[in-house]
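Enquirer: Okay, handing you the structure first.
The values are calculated or read from the model by the stated rules, or taken from the named source; none is laboratory data. Model, not experiment: these values are computed from the prediction. As a convention, Cβ positions derive from the backbone with ideal geometry for all residues, glycine included, and neighbour counts pool all protein chains shown.
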Amino acid sequence: MRPFGRDGLQPVTDQKRNRQSPPPGWDEIVPEVGPEPGDHVVRKRQWGAFYGTDLDLQLRRRGIGTVILCGISTNLGAESTERDAYERGYQQVFVDDACAARTAEEHAFAFRTVFPRIGRVRSADEVIATLGGPPAA
């Protein structure tokens, strides 16, 4: 893999992108959330999780038709992924209090105007309750 950001898209834009290298370990998955044996890890290369990855293939192989979206950058990464998932026919649940954007306005816009049109908006507590509660310690 090329140095951070060098394998990303390089569009000509009106707004300059800030390309700072993240701190070491920024992309490591914390042990509390996995991965577990048999899990498949998808490494994103662009804003959307489907672009340039085998995510769609892996979900379909496993018979998964619903995705739960949360993460950093509500209006960039999460929104890019949800639009692509919608176009691929997935049912979606968007977790409002498990996403974040640079500003409250950016976050609220996606959850108020975009996500409800193509999926269901829920809180983390509602998703956890639906899935049967937190795992036993």
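Enquirer: Can you tell me which condition T81 does not meet? The list is (1) part of a loop (DSSP other than H, G, I, E, B); (2) hydroxyl-bearing (S, T, Y); (3) buried (at least 16 other Cβ atoms within 10 Å of the Cβ), and all the others hold.
Expert: Only one criterion in (1) part of a loop (DSSP other than H, G, I, E, B); (2) hydroxyl-bearing (S, T, Y); (3) buried (at least 16 other Cβ atoms within 10 Å of the Cβ) is unmet by T81, namely (1).
Enquirer: Kindly list, by first and then second residue, each pair from a residue in the range 99-113 that is touching a residue at least 12 places away in the same chain (Cβ under 8 Å) to a residue that is of a type in the set (A, V, I, L, M, F, W, C) and part of a helix (DSSP H, G or I), limited to pairs with Cβ atoms under 6 Å and residues at least 6 apart or on different chains.
Expert: Cβ pairs passing all conditions: C99/A78.
Enquirer: So, in the range 17-36, exactly how many residues are under 26 Å from D125 (Cα atoms), of a type outside the set (A, V, I, L, M, F, W, C) and in a loop (DSSP other than H, G, I, E, B)?
Expert: The number of residues fulfilling the criteria is 5.
Enquirer: May I pose another question? Tell me which residues, restricted to the range 117-137, are of a type outside the set (V, I, T), surrounded by fewer than 18 Cβ atoms within 10 Å (Cβ to Cβ) and over 24 Å from Y51 (Cβ atoms).
Expert: Answer for the range 117-137, where residues must be of a type outside the set (V, I, T), surrounded by fewer than 18 Cβ atoms within 10 Å (Cβ to Cβ) and over 24 Å from Y51 (Cβ atoms): S123, A124, D125, E126, A129, L131, G132, G133, P134, P135, A136, A137.
Enquirer: Now for a separate question. Looking only at the range 2-34, how many residues end up being at pLDDT 70 or above, under 19 Å from the mean Cα position of the chain (by Cα) and of a type outside the set (A, V, I, L, M, F, W, C)?
Expert: Selection size over the range 2-34: 7.
Enquirer: Among residues belonging to the range 43-71 that are out of contact with any Cys (no Cβ under 9 Å at 6 or more places or on another chain), modelled with pLDDT under 90 and within 25 Å of A124 (Cβ to Cβ), point out the one that is surrounded by the fewest Cβ atoms within 10 Å (Cβ to Cβ).
Expert: Checking each candidate, the answer is R43.
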